[in-house]
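Novice: My questions will all concern the structure given below.
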Amino acid sequence: MKKMLKSVAIAAVSIGLISTTAIASSADWTEVKALFNNKMKVTINGQAPDSPLTPLMVDGVAYLPVRDMGEALGMNVNWNEQEYRIEIENGQEEAITETITAIILDVKTGNNGDQMVEVLSLGADSPYPVIRLIVPSDLTIKGPESDDSQEKPELKPGMKIEAAYSLAMTRSLPPQTRAESVRIIHELGLVEGIVQSVQSTDHGLSIKMDEQENDPTSGIILHIAEDTVIRSGPLADPATADQIKEGAKIKAYYGPIMTMSLPPQSPAQAIILLDDAAAE
């Protein structure tokens, strides 16, 4: 956007700008003869503006109304009465965004339809492990590529997503910011319980969760690899695999694949240590 403004500004100076606001007393005005040239076309970077600009010809020089020109450039034009000058400011600039891959931890919907989506970043270099994304009700959410459904995708806890968010964030913990785009990658499984056993493997750790009634994935074995995200506590503080011990209470997101064996086995995408496990 800055490049466009610069090139247009040069063109604007060459043809001149006039203000439609009275900026001085009648004694300061000089009468001149002017003509409108409807055949002269004004373009901005080769494109015609949304509202046509008709130049005013004075002594062979084409002048444009500064307020109309400002609107065409996406700029705000204001008259400063105290200092007798026209102030031109940049209009709304494109939001500076960053894209992350994350897991949805929680979703709350407001009265206006906007959603507050708390996500856990899966990026190792992310400065904010947990972010609250404000997802506007009119934002188009893209579903998984394998989903041919015409229904609007619904954001749910446990989904793995890719989201672009504004870097204009609150200073709260976790920080809040507006989501500019959201794409669902796939849904993950979620288990919360006590670690029953821990075993070292060539690829990391394998942990077995405790048995739970009426749960088809009860006693699931989770495989923890080098790229498994491990955090602790509500703010998702950094944690390590050696903090996962027998008796530790954890919340684990796993998948998207799972064996049909009993007990089932699946790769762990992210593990959050809870309660005593997080304090150790």
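The values are calculated or read from the model by the stated rules, or taken from the named source; none is laboratory data. Predicted model only: the values in this text are computed from it and were never measured. Cβ sites come from the backbone with ideal geometry, for glycine too, and all protein chains shown count toward neighbours.
Novice: Consider Ser137 against the criteria (1) more than 24 Å from Val229 (Cα to Cα); (2) touching a residue at least 40 places away in the same chain (Cβ under 8 Å): it satisfies all of them except one. Which criterion is unmet?
Specialist: For Ser137, the failing item is (2).
Novice: How do the pairs read when you match residues in region 229-246 that are at pLDDT 90 or above with residues anywhere that are in a strand (DSSP E or B) and acidic (Asp, Glu), using Cβ under 8 Å and keeping only pairs 6 or more apart or on different chains?
Specialist: The qualifying pairs are Arg231/Asp237.
Novice: When residues of region 228-272 are filtered for being more than 32 Å from the chain's Cα centre (by Cα) and either crowded, with 21+ Cβ neighbours inside 10 Å or part of a loop (DSSP other than H, G, I, E, B) (or both), how many remain?
Specialist: 11
Novice: Answer yes or no as to whether Thr177 is β-branched (Val, Ile, Thr) and either outside the structural domain of Asp138 (by TED's automatic domain parsing) or in contact with a Pro (Cβ under 9 Å, 6 or more places away or on another chain) (or both).
Specialist: In short, no.
Novice: Going by the conditions given, is Glu162 acidic (Asp, Glu), under 18 Å from Lys108 (Cα atoms) and in the same structural domain as Leu133 (by TED's automatic domain parsing)?
Specialist: no
Novice: If you go through region 213-220 one residue at a time, do you hit one that is part of a strand (DSSP E or B) and at pLDDT 90 or above?
Specialist: Checked against the condition, which is being part of a strand (DSSP E or B) and at pLDDT 90 or above, region 213-220 yields no hits at all.
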